[in-house]
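These notes are about the structure you will find just below.
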Amino acid sequence: CALPSHRARRQPNMNTLSWLDERAPPESFPPVEQALTEPPGLLAAGGDLSPARLLAAYRRGIFPWFSQEQPILWWSPDPRTVLFPQEMKVSRSLAKSSRNKGFTVCVNSDFAAVLEGCADARYRSEGTWITHAMQQAYLALHQLGYAHSVEIRLNDQLVGGLYGVRLGGVFFGESMFSRVTDASKVALKALCEGLFPDPVAMIDCQMATPHLSSLGARSISRTDFLALLKQHIG
């Protein structure tokens, strides 16, 4: 969905939007309980997209999401949408596509190409929020071993995939794309079925959409989400 426009700082719940100084320590986020109710989950603005700040954010249940004309915006929505791998709904058509279409599944074979595919506005009616700065930030996380991609190829051509950040048993999904029917769903199915030596216990989907719900994602409270982060990340 499209990003909400920047709103007034004071909201009905009397919380105030926090502004981050990029010179401040990476972990200097406000408590997530201070997130605004309108726009839902907006916690802070500013800071930078350094690996240290991004990792500090994910460990606290916070993620960046902003468009080109906005400052960096940090979010921690309540409720939070997650997908537990064992709960993914695999339709008959998806199972058939996975078996019979000739897809090849790879991991981390071309992270940059998956980023570009996810950022391609031709496949997104609402436009893209994956700016050049965001691409550079996640490329840096990939080089450090934290960000991962799943590639789906057909006849040696990249036709879909997804990327996100892995910390412990949690995969923080960022985006996925398809150039042919079911390609991104096959990538998600493969992730749920076990692409890493250590299994993923939970996939963070951030915010609810009908598409994610159809695949088995569900909403849990922020409190429960943070407890699961503590359990699976430490």
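Here is how the numbers come out for the structure above:
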quantity	calculated
Percent accessible area from carbon and sulfur atoms, region 149-228, protein chains only, probe 1.4 Å	52 percent
Added length on full extension, which subtracts the Cα-Cα distance from 0.36 nm per residue, Glu69 to Thr104	8.9 nm
Residues of type lysines that Lys101 reaches as a straight line, Cα spacing below 22 Å, ignoring anything fewer than 8 places off in the same chain	Lys89, Lys185, Lys189
Per-residue HN-Hα couplings for region 160-176 [Karplus 6.51, -1.76, 1.60; θ = phi - 60°; Hz; x = Gly/Pro]	x, x, 8, 9, x, 10, 10, 10, x, x, 10, 10, 8, x, 9, 6, 8
Modelled FRET efficiency - R0 30 Å, Phe196 with Thr16, Cβ distances, 0.05 increments	0.15
Largest to smallest accessible area among Ile72, Ile130 [probe 1.4 Å]	Ile72, Ile130
Structure-based [θ]222 nm, the chain - -39500 (n - 2.57) summed over DSSP H runs of at least 4, per residue, nearest 500	-8500 deg cm²/dmol
The chain, relative contact order in percent, only Cα pairs under 8 angstrom and at least six apart counted	21 percent
Additional length obtainable on full extension of the chain from Ala140 to His211, 0.36 nm per residue less Cα span	22.6 nm
Positive-end residue of Val105, Ile72, Ala147, charge dipole of the chain with Cβ unit charges	Val105
Potential lengthening between Asp224 and Ala24 on full extension [0.36 nm per residue; Cα-Cα distance subtracted]	69.1 nm
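The values are calculated or read from the model by the stated rules, or taken from the named source; none is laboratory data. Just so it is clear, the structure is predicted and the values come from calculations on it, not from any experiment. All Cβ positions, glycine included, derive from the backbone under ideal geometry; neighbour counts span all protein chains shown. Keep in mind that these areas ignore ligands, DNA and RNA; they rest on the heavy atoms of the full protein, side chains included. Shrake-Rupley method; radii C 1.70, N 1.55, O 1.52, S 1.80 Å.
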